[in-house]
1. Can you run phi through the Karplus equation (6.51, -1.76, 1.60; θ = phi - 60°) for the stretch B:68-74 and list ³J(HN,Hα) in whole Hz, with x for Gly and Pro?
2. Given labels modelled 7 Å from the Cα in the Cβ direction, how far is it in nm from A:Ser248 to A:Ala206?
3. Work through the residues other than B:Asp187 whose Cβ is under 15 Å from its Cβ and net out their charges, Lys, Arg +1 and Asp, Glu -1.
4. What full-extension length gain, to one decimal in nm, is calculated for A:Arg67 and A:Glu83 as 0.36 nm per residue of separation minus the Cα-Cα distance?
5. Mind listing the label-point distances from A:Pro148 to the same position on all other copies, shortest first, one decimal in nm, points 7 Å along Cα→Cβ?
6. If one takes the accessible area of chain B alone plus chain A alone and subtracts that of the pair, with a 1.4 Å probe, what total in Å², rounded to the nearest 100, results?
7. Shortest first and in nm with one decimal, please list how far the A:Asn232 label point sits from its counterparts in the other copies (point 7 Å along Cα→Cβ).
8. Which shape class, rounded, prolate or oblate, goes with chain A when its Cα gyration tensor gives a ≥ b ≥ c as root eigenvalues, a/c under 1.5 marks rounded, and past that a/b bigger than b/c marks prolate?
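The values are calculated or read from the model by the stated rules, or taken from the named source; none is laboratory data. Please read these numbers as outputs of a predicted model, since none were measured by experiment. No Cβ is skipped: glycine too gets one built from the backbone with ideal geometry, and neighbour counts run over all protein chains shown. Surface areas here come from the heavy atoms of the whole protein model, side chains and all, with no ligands, DNA or RNA. Shrake-Rupley method; radii C 1.70, N 1.55, O 1.52, S 1.80 Å.
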Number of protein chains: 2
Amino acid sequence: MTTPALPPPAPGANPAERELLTALLDHRLLVWTGVPGVYGKGAVFEDVLERFDQLVTRAAAGDGAERLRFPPVMSRRHFEQSEFLKSFPHLAGAVTSFEGAPADHAAMLDAVAAGQEWSRHQKLTGVVLGSAACYPLYPYAASGGPLPEGGRLFDVMAWCFRHEPSGDPARLQSFRMREQVRVAAPDAALVTWRDGWAERGRELLAGLGLPVVVDVASDPFFGRGGRMLAANQREQRLKFELLVPICSTEAPTAIMSFNYHQDHFGQRFGIRGAAGETAHTACVGFGLERITLALLRHLGMDPASWPAATRAQLWPET
Amino acid sequence: MTTPALPPPAPGANPAERELLTALLDHRLLVWTGVPGVYGKGAVFEDVLERFDQLVTRAAAGDGAERLRFPPVMSRRHFEQSEFLKSFPHLAGAVTSFEGAPADHAAMLDAVAAGQEWSRHQKLTGVVLGSAACYPLYPYAASGGPLPEGGRLFDVMAWCFRHEPSGDPARLQSFRMREQVRVAAPDAALVTWRDGWAERGRELLAGLGLPVVVDVASDPFFGRGGRMLAANQREQRLKFELLVPICSTEAPTAIMSFNYHQDHFGQRFGIRGAAGETAHTACVGFGLERITLALLRHLGMDPASWPAATRAQLWPET
């Protein structure tokens with residue numbers, strides 16, 4: 001079985017990206033699907049990812065979070081409400097479907113056969129692809145009425161989509177994000193909680209053998225106005241990331257992020273504290289595919305040969 | 001925390017559907033997301049689903065399948081090639097994204113704010129939502145060159161999407177499908193393999209305490225021509241399903257399917273046998289959410305109280 005031919009790398013692309021991607025495909029850790037950033041996963045890749053996910057579960061077991069798992073699609077209405085389309089329209093994925101009669105069907109198939117854009121034969125459905133695991137959580141948190149004293153803590157996971165095709169195997173269009181999310185009345189404890197996780201995350205990942213650093217960060221807001229939003233986000237130190245070199249030392253990859261949203265989601269979804277005030281939220285996200293790729297890149301393509309200290313954490317029963 | 005209000009059931013809907021959905025939400029097995037057929041899952045639901053998935057792994061361990069896991073999106077080009085849009089246009093979900101300039105962005109946001117259809121501000125991306133776990137597999141199987149003697153066996157899983165909003169909690173828009181897929185030169189052994197799995201599947205599910213039956217079936221082909229295709233599929237006995245009552249005894253729910261595709265995928269994707277002939281394919285699919293729902297419906301909402309024989313299989317270590 002040969003590795004399928006990849007398209008030529010983009011002009012000026014970092015050669016380390018193609019080198020890593022080829023190694024991952026050759027080892028059957030990833031499987032090429034014809035679309036950059038959308039890969040099948042072999043058994044070994046999945047095992048590492050699931051083992052890391054279980055390590056997070058053990059690390060956070062004492063926190064008492066409510067565990068929820070969401071599907072890869074979410075309510076379009078909630079997504080519109082979240083204002084993701086305002087800040088990141090270029091990354092969002094909407095889901096359309098055919099709702100026409102047989103004659104429209106024939107016209108759509110003609111367009112498909114002719115290689116034409118056939119989206120005009122489609123309509124928006126009630127769902128979009130989720131862009132972060134925590135988005136479906138906020139309307140759920142709001143639906144429960146005022147928060148209890150001290151707020152609520154959630155543990156969520158979902159497949160996420162971001163429309164940014166890339167030859168960098170660490171920049172996926174479709175990937176799993178696990179998050180711890182704190183929803184509470186406005187309180188300095190939210191920032192303390194987030195910063196505590198930055199330290200817990202750093203220890204967890206460094207303990208596996210990854211050369212990680214924490215740095216202040218910003219989101220990829222759209223357009224000229226977006227640059228101001230990003231600068232403001234940095235200035236207020238709302239977002240931090242845990243970074244590790246995967247394909248580049250100069251531009252390391254974020255494998256975790258630590259975010260304080262202030263009252264954004266509380267406002268958008270009407271989440272209320274015990275006294276009726278708008279709740280604040282913070283979240284901590286693990287990029288599960290990126291963490292798996294970082295481990296493979298730094299410790300080697302065969303997890304059986306990883307250091308005993310790393311293996312003892314990921315496969316504690318062996 | 002209260003259960004969020006559900007929309008009124010569709011006129012003429014089976015009341016057992018709302019009753020089961022309400023029980024699942026009340027027990028925090030499912031979480032309402034605002035969209036029928038798209039539910040968050042609580043920890044207990046996920047545990048049962050994962051345990052059943054592991055039981056399948058143990059049951060099939062001796063078969064030597066190549067294990068692959070695919071993301072919820074797949075190549076649009078491969079999906080077009082599969083002819084799914086020809087047979088099931090109403091079920092497919094395409095993924096669109098915004099690729100415009102800031103002025104277009106403002107127009108899209110206006111449409112969103114006005115509650116208008118905003119898909120005209122979007123373009124098809126390179127991906128669609130997968131409708132069955134095995135679709136991304138066929139181009140991969142073809143890319144390896146002619147099949148070895150005896151063909152190949154795969155074990156795949158993916159989140160699938162089908163646009164059929166319904167108040168029936170067993171009819172999801174977004175769900176996980178696990179499949180065993182055999183790709184081989186045309187040979188009666190493919191039908192024998194499929195039928196063998198119908199018996200293995202029946203034993204596996206009956207052994208957990210579900211009142212299952214196997215019956216011949218057909219796919220929900222679109223339009224008037226579709227009725228002929230479905231009749232032909234039944235006449236040729238290409239598809240069987242494992243059925244169990246969930247919300248209705250008269251119309252039980254398919255929780256597994258057993259399919260012989262003849263040369264459909266071999267032709268569409270150019271999969272060749274050792275002698276260059278077009279390969280045939282067959283697949284066996286487990287509907288993981290439906291199996292979990294069937295277990296909860298028949299054995300009770302609290303897995304801790306399930307019969308010891310069932311628990312011994314799903315939680316063998318306890």
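1. Per residue, the Karplus-derived 3J(HN,Hα) values read 9, 10, 10, x, x, 10, 9 Hz.
2. It works out to 2.5 nm between the two label points.
3. Numbers: positive: B:Arg152, B:Arg182, B:Arg194, B:Arg272; negative: B:Glu149, B:Asp195, B:Asp263, B:Glu277.
Here the count lands on 0.
4. On the way: separation 16, 0.36 × 16 = 5.76 nm, distance 2.52 nm.
Length gained between A:Arg67 and A:Glu83: 3.2 nm.
5. In ascending order, 5.5 nm.
6. Values: alone 15380 and 15370 Å², together 25200 Å².
Its buried surface, counting both partners, is about 5600 Å².
7. Result, one decimal in nm: 6.0.
8. Details: a/c = 1.68, a/b = 1.05, b/c = 1.60.
In terms of gyration-tensor shape, oblate.
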